[in-house]
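The values are calculated or read from the model by the stated rules, or taken from the named source; none is laboratory data. Given the structure is predicted, the values throughout are model-derived calculations rather than measurements. Quick reminder, even Gly has a Cβ in these numbers, built from the backbone with ideal geometry, and neighbours come from all protein chains shown.
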Amino acid sequence: MTLAGPHHSSGQDCWATPPEFFERLAGRFDFKLDACAQDWSAKCSEWYSEQDDGLALPWQSWTWCNPPYSKVSDWLQKAHREATLGNSSVILMFARTDTRAFHQWALKASEIVFLKGRLKFIDPSTHKPGLTAPSPSMLVIFEAGKLGQCKFSTMNAREVQNAKEE
């Protein structure tokens, strides 16, 4: 994901998911594959790198994906297509409900979870938590067999992170 703008100027597209946040999700989903990772950021034992091209390869149930936000529409479309093939996934993205990607693909999901608060993604240059994300995030869940029945919920983004910082 790219964190750029007035608060983040790195322009890098590979900020990693905070491990404590991912572990909370792993309690609900049995992730088998990280579709968009690097060796230092992979959240599953099986993962695809940028060179592997997770957009071109088959996914599994359940697949985790924190994609480059510069191409989030492509990843949402892939997640939707994989769900029609029986492979469920969770996409982490900014909660930008005004975008074409949100209206064209995210609303076709089975669930959207809006995160209360903002995550501190892992900086690709230091492999440590960076600044708080410039935008709120959401999880877009494409559960095979439940597409188009989109329900909405919320969860605290930093509950585990805050506990570790205290």
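Restricting the range 65-81 to residues that are within 23 Å of Arg24 (Cβ to Cβ) and not in a loop (DSSP other than H, G, I, E, B), which is nearest to the chain's Cα centre (by Cα)? Checking each candidate, the answer is Cys65.
Considering only residues in the range 83-115 that are more than 13 Å from the chain's Cα centre (by Cα) and in contact (Cβ under 8 Å) with a residue 60 or more places away in the chain, the one that is farthest from Cys44 (Cα to Cα) turns out to be Thr84.
Here's the yes/no breakdown for (1) touching a Leu at 6+ places or on another chain (Cβ under 9 Å); (2) farther than 18 Å from Phe152 by Cβ; (3) outside any loop (DSSP other than H, G, I, E, B):
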| residue | (1), (2), (3) |
| --- | --- |
| Arg24 | no, yes, yes |
| Ser41 | no, yes, no |
| Cys44 | yes, yes, no |
| Gln51 | no, yes, no |
| Ala83 | yes, no, yes |
| Gly86 | no, yes, no |
| Ile91 | yes, no, yes |
| Asp98 | no, no, no |
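Of all residues assigned to the range 105-121, at least one qualifies as being under 22 Å from Asp34 (Cα atoms), touching a Leu at 6+ places or on another chain (Cβ under 8 Å) and modelled with pLDDT under 95. Just one of the listed residues (Arg96, Arg81, Arg100) is surrounded by fewer than 20 Cβ atoms within 10 Å (Cβ to Cβ), in contact with a Phe, Trp or Tyr (Cβ under 8 Å, 6 or more places away or on another chain) and not aliphatic (A, V, I, L, M), and it is Arg96.
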